[in-house]
1. What ranking, highest mean first, results for peptides B:64-72, B:83-91, A:87-95, A:48-56 when packing means the other Cβ atoms within 10 Å averaged over each residue?
2. Please say if chain B is rounded, prolate or oblate, where rounded means a/c under 1.5 for a ≥ b ≥ c the square roots of the C-alpha gyration tensor eigenvalues, and otherwise the choice is prolate for a/b larger than b/c and oblate otherwise?
3. Count, for each residue of B:144-153, the Cβ atoms from other chains sitting within 10 Å of its Cβ, then give me the mean as a whole number.
4. Using the Cα gyration tensor of chain A, with a ≥ b ≥ c the square roots of its eigenvalues, what is the shape: rounded (a/c below 1.5), prolate (a/b larger than b/c) or oblate (neither)?
5. Find out how many positive minus negative residues lie around B:SER32, taking Lys and Arg as positive, Asp and Glu as negative, among other residues whose Cβ is under 13 Å from that of B:SER32.
6. Have a look at B:THR123, B:THR251, B:THR80 and tell me which one the Gaussian network model of chain B (Cα, springs below 10 Å) gives the largest fluctuation.
7. Within 10 Å of each Cβ in B:101-109, how many Cβ atoms from other chains are there, averaged over the peptide?
8. Name the long-range amide H neighbours of A:HIS44: under 5 Å, sequence gap of 5 or more, or other chain; modelled H, no Pro or chain starts.
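FYI, it's all coordinate maths here, none of it is from the lab. The structure displayed is predicted, hence computed values, not measured ones. Here the Cβ positions follow ideal geometry from the backbone for every residue, glycine too, while neighbour counts run over all protein chains shown.
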Amino acid sequence: MKNSLLKRTVRESMQGYLFLMPALFVLVVFLVGPIFYAIFLSFHKVQLLGTTSFDFVAFKNYINIFDDLRAKIALLNTAKYVLIVVPCQTLLALVLAATLNAGMKGEKFFRIVYFLPTLTSSAVLTLIFMWMYNQNGLINKVLDFVGLPTYNWINDPEIALYAIMAMNIWSTAPFFMVIYLAALQNIPESLYEAAELDGANAIQKFLYVTVPQLRPVTSFVVIMGLVGTFQLFDQSYIFSAGSGGPNNSTLTVVLLIYQYAFKNMGTMGYAAALAFALAVIILIATLIQRKFSKEESLY
Amino acid sequence: MKKKLTVGKAFLYGILIVYAVITVIPFLWALSSSFKNLDEIVSGTINFIPKQFTFNNYKVIFVQQELFPRWLFNSVFIATSVTLLNMIFNSMAGYALARLQFPGKRTIFVIVLAVLMIPMQVTMIPNYLILKSLGWLNSYQGMIIPTMINATFIFMMRQFFVNFPKELEEAAELDGLSKIGTFFRIVLPLAKPALAAQAIFVFMGSWNDFMRPLIILSSPELFTLPIGLNTFKGQYISYWNYIMAASMVFTLPILLIYTFFSRYFIKGVSFSGGK
């Protein structure tokens, strides 16, 4: 009896590992292994020509970050991008979701329409917007028509990053809207009824019932937003044809990492160090956000 | 009082309609540009209905850029393979983590959760070197194998199977079915909603991925659509009618999938958001 139980346990363990084998293979070779490999790289100067060679340089790659003007620019651009895009897209998502949830007819129709940008690839969206941002493109024509100043959206260093921001707020807000919608449907009706008895109007109900009730979701949306915006790459790359221009104005940290790793010679180790620096920054931003929202029960 | 309510409602509808217009205009503009000839594109008039409606742009992109159908095929092939493999492997892993007992289970689960936190830029550079030493750079397997599982969806499948009724599996076991038989014949067919939700997101992720193919693929015959599209833009820099036609070809498959599976989309988003 005991023997057969042991046999069963062994067999179940074998089956467990069998089921996990493909996942474990990828996890080890392409995810966990590379983390340690990246640590190794970040302490070396890597030469890819011919046979790959590694020279140990200790903390030099990390120290170099502080003397790198382009790294500073990339970090500033990214920070500006995060600080503007995350609040805007979160607020827009919340307003849209609350509006849709107010018992409107055609909710389903609007939801399908709003979701279009989420479905479309970043490459396509960026090209469509570059076409609209064109000097005599749709956006400038409309601005001109209503008497507003027009801009050189793509080639003016003062403007280019804002053009990307507008595009990305437009394309990511609907995704977060759907998350908010699901959460809105879980707020108990009795809370609104109680507020109504206290004489609250629609705006007060939104501010004092909806917003506080959605706090855990907002915290989740902001964290996802932070992680996503810090990693801005596709749009900057396509916008500037990989350069981060004009005049480094669309250079983001990830674009810089890409350039150092795959475009410049002998800076792959430095790129790995930059990638770690970015990971740490994202982690810190996330922790600050959590502390800020004091919402530990989320996960 | 009644009147005030309707005014409020009208205002809300106003918001919804304005935003719907803002959402749709870029797509309509792109679609309309894809049916215009170059003269009309250059002239910069803002009419949504082309003066001279033409299918020529679509013809040109498929004829002139002989790689365009190839890029379409590459994208379909890679995204479909990745999706199918993810559906099977994520479910198997999720099931093992939810239901089977074996040493090291907790550790593996913690690793899966930890991997979720690592930004892909950190693993991208080592991945490139690993693929290089495997000889998998610039190949289908280099695109498919590293993405054939996804920690997010392993976690999602685990949560799904944890809440799955045990009775069915017990009955199957009494009927003499092995664990593997039970999983493939009983459990997996009942996990369809969860499978559909992950399939859509994995497919979209792979189909739209820009950075991985940019780094891994170097010969134009192997390009996927996003990279191909970017190259195409470089070649036809001011031929926006061609670029928009190519963009539309690229968007259509996703829209078709969406119209068929839209309810799973919403479910999938709420799942990833509702935790």
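1. So the order, starting with the most tightly packed, is B:83-91, A:87-95, B:64-72, A:48-56.
2. Because a/c hits 1.5 or more and a/b fails to exceed b/c, chain B counts as oblate.
3. 3
4. On the way: a/c = 2.08, a/b = 1.11, b/c = 1.88.
Oblate, since a/c reaches 1.5 and b/c is not below a/b.
5. Details: positive: B:LYS36, B:LYS51; negative: B:GLU40.
Here the charged neighbours net out to +1.
6. B:THR123
7. On the way: counts 6, 11, 4, 5, 4, 0, 0, 6, 0.
The shielding value for this peptide is 4.
8. Result for A:HIS44 returns A:VAL57.
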